[in-house]
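Read through the structure below, which is laid out as structure tokens, and then see the notes.
The values are calculated or read from the model by the stated rules, or taken from the named source; none is laboratory data. Small disclaimer: the values here were computed from a predicted structure and weren't measured. A quick note on method: Cβ atoms are made from the backbone with ideal geometry, for glycine too, and the neighbour counts reach across all protein chains shown.
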2 protein chains.
Amino acid sequence: MKDRQLRDGKIVRSEEPLNLESPFENLDGFITPTARFYVRTHFPVPKIDKDEWRLSILGEVEKPFDISFDELSKLETRTLPVTLECAGNNREFLEPKVKGVQWALGAVGNANWTGVSLSILLERAGLKSSAREIIFEGADAGELEEAKAPRGKVTFARSIPLEKAQDVLLAYRMNDVDLPPLHGFPLRAIVPGWYAMASIKWLTRIVVTDRSFNGYYQTLDYAFWKNGELAPLREMQTKAQIARPANGETVPANSNVRVHGAAWTSGEISKVEVSVDGGSTWKEAKLLGESKPNAWRLWEYNWQTPKAGSATLIARAFDSRGETQPVERDWDRGTYMINQLLPINVAIE
Amino acid sequence: MKDRQLRDGKIVRSEEPLNLESPFENLDGFITPTARFYVRTHFPVPKIDKDEWRLSILGEVEKPFDISFDELSKLETRTLPVTLECAGNNREFLEPKVKGVQWALGAVGNANWTGVSLSILLERAGLKSSAREIIFEGADAGELEEAKAPRGKVTFARSIPLEKAQDVLLAYRMNDVDLPPLHGFPLRAIVPGWYAMASIKWLTRIVVTDRSFNGYYQTLDYAFWKNGELAPLREMQTKAQIARPANGETVPANSNVRVHGAAWTSGEISKVEVSVDGGSTWKEAKLLGESKPNAWRLWEYNWQTPKAGSATLIARAFDSRGETQPVERDWDRGTYMINQLLPINVAIE
């Protein structure tokens, strides 16, 4: 493991904007403690007064309205475990290097989110028949330096198609306490199964539209080439990650070593396999706990280590749709959706 | 006028791909001679055998079909004068400098185009009720070096919404002779009123789709920020250009000097005004010939020059929709749609 600057147990990937990674080798349970959950921001963290804050629902609705935090917190709640992964997680493994935050394995976490179903607010507003997409807008905004970006202030915003709306939770609690400022206080849209750029923090506006939204974070950023056309990133790709042994770790020879990690997808994981010989042969790992859609699944594999030397470990996941991980990088994914097989090199002594 | 490398009377802006500009000070009639018409290419010019070539009409149609050049040339024809302007015309005037071919005033021309109405082929194919856009694909293709571009071969392609289809001419003659290879032999889609990137050369496929097309030349290139959303470039913006005197030219003092040029828009020009004092006062110019939609309008103004010194000339156009030119650059247009007022500086001796 490389030398790293840690803050409160997280790796500092950048200060402005603040980007903190959770060392993946610390994985030790189904729920990631909030203090260890990775942090991804694009602009300074908005300072929001809960009593002043309002959420607006507008656009292609019959009765647009605003709602206060107090009113919102009186509505029926649900609690869901949902895994959020940054679409650029694992970027550090790309060769050649690409632009963007150089995340290793830890821009991913799994939390219990508590809040109100988006459907409740949409029902109150009454969707018009013209409704086609729903845009979530955060309070985070700023100027971008990239030549191709729009001038002036850009707000972090993302859309989902109408058919995804029923899955969305408007969460104000994370792991049973109030959402912290770094994670979107007072309200975060949780879009289960999608990369986390869709789960808008510091949520302030929900805009129902009659057409495709083509904002900056849906086109110039957080997009990829799908059959030659630019498409917004959406579903998380199937992935298994090894927590321990970590890359560069030394394990004892002729011993039982627990290889363990987590696997996730947009949907449910059906199987995880492990190779201890660089991908030549594969063995099935044991899935732990029970399966919950759009939450990761912990897994473990008991490795009988050989005599002293070295080994390359690889894990791969399969999901309920029959999808698995590619062996090679698909560069049409740009700097995102990195789920090709990742070798973990260990020394055996 | 700067020193320039000329080839067959055109300014060489780049060799690979070939980009040739028509010196705008040579403007001397409503029709731009084909030999002087500007050339904009993105890839090597395709070598096409007219007898082998086929145009395919496919997608959301009842009866997809291919048509040979021989068959096509037996269909009813129309001839239209249409002005084509590169969406990056005038880029040389931008400060600070931006990427892209550094066109001065001459990435624009007006030709007579002869061919078959797109509607005739669409009627034969029979549009399905799901039809929403029409993609034109050229035979020109190649690999792009930009980091954000798709990998592999990219074909030059562009779409129009269905409601624009009735205006489109599939042209195989330019100024009464066969379309030359540099201008799209054997067939070019002419999309009147739109910037020329939509008028696909070396046309080989017409694909009817049920949704927005998001190809490279519609999103990462030839797009701009419209109310914070990425939108493909479409209509030409209102513009008047002065052909003579040219920037840096010397005119006689105390004389009658003919100031002349052309003006165009997506639609029809209603008025051109000229200022000889850097924009403080404006006089109406005389519009020449008759108005033809989506073709430029020549104009002239008789300038009584003062005593020796210097002057800044500016022309501005107004169109039938009441639009005119902005005074300042709108940077959300990126490197395209450059129609703010351009000062032409002349010496008076």
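Descriptive notes on the structure:
- Per-region count, segment B:66-92, residues assigned to a strand (DSSP E or B), touching a residue at least 40 places away in the same chain (Cβ under 8 Å) and in contact with a Leu (Cβ under 8 Å, 6 or more places away or on another chain): 4
- Conditions (1) within 13 Å of A:VAL272 (Cα to Cα); (2) surrounded by 14 or more Cβ atoms within 10 Å (Cβ to Cβ): number failed by A:TRP303: (1)
- Residues that are more than 18 Å from A:ARG211 (Cβ to Cβ) and either surrounded by fewer than 18 Cβ atoms within 10 Å (Cβ to Cβ) or among the β-branched types (Val, Ile, Thr) (or both) within segment A:123-138 comprise A:GLU123, A:ARG124, A:GLY126, listed in sequence order.
This table checks each residue for (1) crowded, with 23+ Cβ neighbours inside 10 Å; (2) in contact with a Lys or Arg (Cβ under 6 Å, 6 or more places away or on another chain); (3) under 24 Å from B:ARG205 (Cα atoms); (4) away from chain A (no Cβ under 14 Å).
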| site | (1), (2), (3), (4) |
| --- | --- |
| B:LEU72 | no, no, yes, yes |
| B:ASN89 | yes, no, no, yes |
| B:VAL98 | no, no, no, no |
| B:TRP113 | yes, no, yes, yes |
| B:LEU118 | yes, no, yes, yes |
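- Scanning segment B:95-136 for residues being small (Gly, Ala, Ser), farther than 28 Å from B:LEU58 by Cα and out of contact with any Gly (no Cβ under 8 Å at 6 or more places or on another chain) gives a total of 4.
- Complete set of residues in segment A:1-27 that are within 22 Å of A:THR250 (Cβ to Cβ), at pLDDT 95 or above and part of a loop (DSSP other than H, G, I, E, B): A:PRO23, A:LEU27
- Those strands (runs of 3 or more DSSP E) lying entirely in segment B:137-239 with at least 2 residues within 14 Å of chain A (Cβ to nearest Cβ): B:153-161, B:203-209, B:223-226, B:229-232
- Summed over segment B:313-336, residues that are assigned to a loop (DSSP other than H, G, I, E, B) and either away from chain A (no Cβ under 14 Å) or touching a His at 6+ places or on another chain (Cβ under 8 Å) (or both) total 8.
- Inside segment A:264-322, residues that are out of contact with any strand residue (DSSP E or B) (no Cβ under 8 Å at 6 or more places or on another chain), within 20 Å of A:VAL108 (Cα to Cα) and either in contact (Cβ under 8 Å) with a residue 40 or more places away in the chain or in the same structural domain as A:GLY106 (by TED's automatic domain parsing) (or both) make up a count of 1.
- Residue check for B:ASN175: without any contact (Cβ under 8 Å) to a residue 24 or more places away in the chain and either in contact with a His (Cβ under 9 Å, 6 or more places away or on another chain) or assigned by TED's automatic domain parsing to the domain that holds B:THR79 (or both): no
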